Amino acid sequence: MKYETIMGLEVHVELATKSKLFCACSTEFGSDVNENVCPVCAGMPGTSPMVNRKAIELAITAGLLTNSEISPRITFDKKNYFYPDLPAGYQLTQLFAPICKNGWVEIETDAGKKKINLVQIHLEEDAGKLIHDDWMDTTLIDFNRASVPLIEIVTRPDFRSAEEVVAFLEKLRSLLSFADVSDCKMQEGSMRCDINLSVREKGSDKLGTRTEIKNMNSLKAIAAAISYESQRHIDALETGEEVLVQETRRWDDSIGATFSMRGKEDATDYRYCPDPDIMPVFIDDEWIDAVRSNLPETAQDKFIRLTQKLGLPEYDSEIITRSKNLSNIFDETLQYYNNPKEVANWIIVELLSIAKGDNKGEDDVRIDCQKFAKLIELVDGRTINRNVGKKILSLILEEGIDPVEYVEKNKLGMINDTSLISSTIQEVLSENPKALEEYKAGSKKVHGFFVGQIMRKLGGKANPQIINKLLTEALKEI
Amino acid sequence: MPNIEDYEAMTKISLSEDEKTIVSGYMNMLLDSFKKLEDTDVSGVVPLISVLDVKSPMRDDVAIKTISREELLSNAPEQHDAYFQVPRTVD
Amino acid sequence: MGIFIEDYNVSGADTVALEDSIMQKGKQVTAGSKILDNFVSPFNATVVDRLLDGGFKISGRTVMDEFGLLKLSHDDNNTPSGAVRAVSEGISAYALCNDLFGRYREEAPQYDCCYIHPTYGTVSRYGLIPLASSLDQIGIVCRDLSQGFGLLSHLAGKDPKDGAMFPDSKYCYGKTDEKITLGIPRSVIEKADADTRESIMDFINKFSSTDIDLEYFDLYSQVMYILSSAEISNNLSRYDGIKFGYRASGYTDIDDLYTKTRSEGFGLDAKLTAIMGAVVLSKDHYGPYYEKAMKIRRLIKESINFDTYDVIVLPCKISDDPYENLALYSLAPLAGLPSVSFSYKGYGIQLVAGVKKENLLLSTWEVSMA
């Protein structure tokens, strides 16, 4: 390969606060239109921004997790431009004294480990949401998201491949979601990313023309966009047919190409200036230490605990620690029923397959962990068999039933009565002489057929281990 | 002399010809007066953003609703289904 | 020019008129600008709540210049502002306003009123339609400074809704027995007309005094203009015809909506200020103008140290040119200092004291009136 692609990222992450960055409006996702808007975040005159302590704390957390320097004194600045999603005519952000500087994140790809350096992390407010109505030829504005706290993580141009970009974003998502800094849901826009990309001949120390792809919100699209845009740059360098210009571009996922957003923002002078209404926020070592000492377990720590202390296989541990939600379910369920292997197994095999059937991702599965634990205990203690257990799991998810009550009420307890099972075996053997002949002729699969028949006669509630044992004995005697 | 049209575009203000004459007149006068700043040596001086030398107060992270949506929207020049409405804005 | 936009028809010694920039819940508030047509405030300014808590009555909303902006053209029209008229004609005992550029401080003494400009950060700006956030300060037009400070004691004190305030929850204003030394900037006073100079000299003779040099005085207006226009330009950006206030008709697209709305809604002073503010903040000018002005502001603040004097004496007028006169009214907001202006023997005098040293102003005034 003659060329190399050089990329830097700007990643926006919505912080998991209950209220907005500068006012007390709720940040709840999915609220009714314009329900979470007040005079402050609607940009009304006479209002004054009041800093949310928790937002500062979450940004400090992000800084600690990315090995950043935390600034002892931070300020907020105004970025001026007109756009209908921006109520005050300026966005409050941090230009002159950002909260974190000079961090780094280690990533791992097939090519090995690599350090990605961060220029800074700064706090800023989100904008509202525009909905374009083609039918009425108007744009509708919902300010619920206006002034929701964001951090923007700015990297150095350290990326050389889409794999590295994806690995970095996955690492960030893991770090930030495990520390409850953000839920990092790309599909809901709580994590989104701008890619700055240029291409140069390998070995050259001169950077090529840079383009910026804005507002990417899926890893798949990011990989595709990088591949497309790199190729576009290479083609331009090789054929000279297209002249590259420094500009902002938009990725169209349905077409699979980037398009120029000409005229937008490129020439804008944002007239940044400090906001004199917000006094400096001071972050002393005491505060940083308090945040550090409250840092929750990272995914990496958790993986080590699962594999080394709890003795789970690496494969299982990997799946569970890939998602903050799954690992929360794992830990909580374990509190009610302390059997790591079984709990992990039920999460990975049963819970995730039901979730997949419902089109839900790992982060969206919700379950009452106490009921989940009871269920696992019922199966594990052989009160019910696994198949009944699976059905009950669906009922817990759908109707919230209590597994113990449900088993009692519907008499689903497993049949462990050996004499009943033995007599049923005899019945089945005598009712199926043909199959018995086949068995005698050496067909082993008939064993399974007999188990099925016996189970059916016992309403699916018999203990399969006992059936197996007694059936084997009975067949030997024949 | 800054190009007035650039600043009209930046501030979303369109001046009439008469206004433009007056504004450029004042702009000339003001910019001329600003030249006096050049004589003052400010090396090593930290800009003063606010005269107050206090720490920012901080709010606890509690969600509180302060005004109703009806009240918020009652000031909107144009609205539709609880949205603020503007002409179609191309992204 | 009338007095009230809205007259609540109450009278008495406990009545307070509000300049139309101070927000009252459920009332139309326009700050004298068409751009805020039909804007109904959804909340009370903190000063309004405190007035009502203190048992004061609001007499009405007074007519004002658009947003209280600086008028660069010399105005031959001698009608005083609504707030000063309301007090001088005895219609209201007090008026609250935001006097950024000196109009009220200059006018009050001419109509036998006084003006109190409190220390920045002692009176909440929540609910004040802003001009320049780092310089705005609600002040009081009154007949008598001791009564005026009585009212101020109800208004001043930390407000959890304003993030830029001193932490003190209450302030007491009263006479002090300290011996007061006046600081006399002769070179400034010499710019005033002969009669004013004579009255100031007579005033000074009642006190011990020392000559002072107001360093940077010839840059006050420039620094004030640069900083205020930048902040005002920011603060005017919220008026876009989308969320509240005036929206023009006949627009073709969003850009046209913005431009028509703002061009029709703002008066010439607002347009000039918005544009000048954008100039001083733009990439090429930020350093030489805005940042430099912020640095000189620090030098100005540090140059006024009150080490050998307690109160600075200034005239209320040194020129017919509003821009030159602005220098007189810039010291208090630029350095965040309290000031009062009043009439002494028929001529306006302005006194400026140190941060939260309002008591020295009150005492000086009382001694001079004795």
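Towards the positive end of the charge dipole of the protein assembly as shown, with charges on Cβ (+1 Lys, Arg; -1 Asp, Glu), say which of A:Met279, A:Gln453, A:Thr75 has the farthest Cα.
A:Gln453
Pick out, in residue order, every one of the chymotrypsin sites (Phe, Trp or Tyr not before Pro) in segment C:148-197 that is DSSP loop and has at most 11 other C-beta atoms within 10 Å; say none if there are none.
Nothing satisfies the criteria.
Using 1/(1 + (r/R0)^6) with R0 = 25 angstrom and r between the beta carbons of B:Glu38 and C:Asn305, what's the FRET efficiency to the nearest 0.05?
0.45
Taking each residue of A:16-26 in turn, how many C-beta atoms of other protein chains fall within 10 Å of its C-beta, and what is the average?
4
Using a Gaussian network model of chain C with C-alpha springs under 10 Å, which one of C:Val40, C:Val141, C:Val16 is most mobile by mean-square fluctuation?
Per the Cα network of chain C with a 10 Å cutoff, C:Val40 tops the list.
Between A:Asp364 and A:Asn432, what length comes free when the chain is fully extended (0.36 nm per residue of separation minus the Cα-Cα distance, one decimal in nm)?
19.7 nm
Please report C:Ile22, A:Ile478 as a ranked list, fewest other C-beta atoms within 10 angstrom at the top and most at the bottom.
A:Ile478, C:Ile22
For segment B:1-74 and segment A:34-79, write down the distance between their C-alpha centroids in whole Å.
When both Cα centres are located, 21 Å separates them.
Would you mind giving the mean number of other chain beta-carbons within 10 Å of the Cβ of each residue in C:243-256, as a whole number?
5
With a cut-off of 8 Å between alpha carbons and a minimum separation of six or more residues, what is the relative contact order of chain A in percent?
Contact order relative to length: 13 percent.
What percent does the relative contact order of segment A:1-105 come to when contacts are Cα pairs within less than 8 Å and at least six residues apart?
Relative contact order, segment A:1-105: 22 percent.
Does chain A come out rounded, prolate or oblate by the C-alpha gyration tensor, with a ≥ b ≥ c the root eigenvalues, rounded set by a/c under 1.5 and, if not, prolate when a/b is larger than b/c and oblate if not?
In terms of gyration-tensor shape, prolate.
What does the highest-first list of C:100-106, A:331-337, A:7-13 look like by mean Cβ count within 10 Å?
So the order, starting with the most tightly packed, is C:100-106, A:7-13, A:331-337.
DSSP H helices in chain A with Cα extent of 15 Å or more along the helix axis and mean Kyte-Doolittle hydropathy at least 0.5?
A:53-65, A:162-178
Of all DSSP beta bridges located in the protein assembly as shown, what percent are antiparallel, nearest 5?
So the antiparallel bridges in the protein assembly as shown amount to around 80 percent.
Using 0.36 nm times the number of residues separating A:Glu332 and A:His132, minus their current alpha carbon distance, what extension gain do you get?
Computed gain between A:Glu332 and A:His132 is 67.7 nm.
Give me a single rounded figure for C:127-134: the average over its residues of other chain Cβ atoms within 10 Å of their Cβ.
Neighbouring Cβ atoms belonging to other protein chains average 4 per residue here.
Tell me, Kirkwood radius of the protein assembly as shown from alpha-carbon pair distances, in Å?
Evaluated over the protein assembly as shown, this radius sits at 32.3 Å.
Cα centroid distance between segment C:40-95 and segment C:241-320, in Å?
With segment C:40-95 and segment C:241-320 each reduced to a Cα centre, they are spaced 21 Å.
Length gain on complete extension for the stretch A:Asn67 to A:Asn468, per 0.36 nm per residue less the alpha carbon to alpha carbon distance?
Length gained between A:Asn67 and A:Asn468: 138.6 nm.
Order these peptides, A:126-135, A:208-217, A:110-119, C:323-332, by their mean beta-carbon neighbour count within 10 angstrom, highest first.
Going from most to least packed, we get C:323-332, A:208-217, A:126-135, A:110-119.
If you average the C-alpha positions of segment A:449-472 and of segment A:210-287 separately, how far apart do those two centres end up, in angstrom?
With segment A:449-472 and segment A:210-287 each reduced to a Cα centre, they are spaced 63 Å.
Where the only charges are on Cβ atoms (+1 Lys, Arg; -1 Asp, Glu), what is the dipole of chain C about its Cα centre, to the nearest 20 debye?
About 880 debye.
Sorted by mean Cβ packing within 10 Å, highest first, what order do the peptides C:88-95, B:38-45 take?
With the highest mean Cβ count within 10 Å placed first, the list reads C:88-95, B:38-45.
Among the trypsin sites (Lys or Arg not before Pro) in segment A:1-92, which ones are in a DSSP loop with at most 16 other Cβ atoms within 10 Å of the Cβ? Mind listing them?
Listed in order of number, the matching sites are A:Lys2, A:Lys18.
Take A:Leu475 and A:Val349, extend 7 Å from each Cα along the Cα→Cβ direction, and tell me the distance between the two endpoints in nm.
Roughly 2.2 nm, to one decimal.
Just flag the chymotrypsin sites (Phe, Trp or Tyr not before Pro) in segment A:299-334 sitting in loop per DSSP whose Cβ has no more than 12 other Cβ atoms within 10 Å.
Filter output for segment A:299-334: empty list.
In percent, how large is the relative contact order of segment C:1-130, given Cα pairs closer than 8 Å and 6 or more residues apart?
With pairs under 8 Å counted, the relative contact order is 34 percent.
Take the Cβ-Cβ distance between B:Lys65 and C:Lys57 as r, set R0 to 30 Å, and report the resulting FRET efficiency rounded to the nearest 0.05.
My answer for the efficiency is 0.45.
Rg (Å, one decimal) plus Dmax (Å, integer) for the alpha carbons of segment A:297-409?
13.6, 43
Give the residues of segment A:31-73 whose amide nitrogen is closer than 16 Å to a point set 7 Å from the Cα of A:Lys18 in the direction of its Cβ.
A:52-58
For segment A:3-285, what is the charge dipole size about the Cα centre, in debye to the nearest 20, if Lys and Arg each add +1 at the Cβ and Asp and Glu each add -1 at the Cβ?
The calculated dipole for segment A:3-285 is roughly 600 debye.
Could you check the simple spin-label distance between A:Arg250 and A:Arg305, using points 7 Å along Cα→Cβ, in nm with one decimal?
Simple spin-label model gives 4.5 nm for this pair.
How many nm is it between the label spots at A:Asp110 and C:Asp177, if each spot is 7 Å from the Cα in line with the beta carbon?
Spacing of the two 7 Å Cα→Cβ label points: 9.0 nm.
Out of all DSSP beta bridges in chain C, what portion is antiparallel? Express it as a percent rounded to 5.
Here the antiparallel bridges make up roughly 65 percent for chain C.
Bear in mind that the values in this text are calculations on the coordinates, not laboratory data. All values derive from a computational prediction rather than experimental measurement. Every residue, glycine as well, gets a Cβ built from its backbone with ideal geometry; the counts of neighbours run over all protein chains shown.
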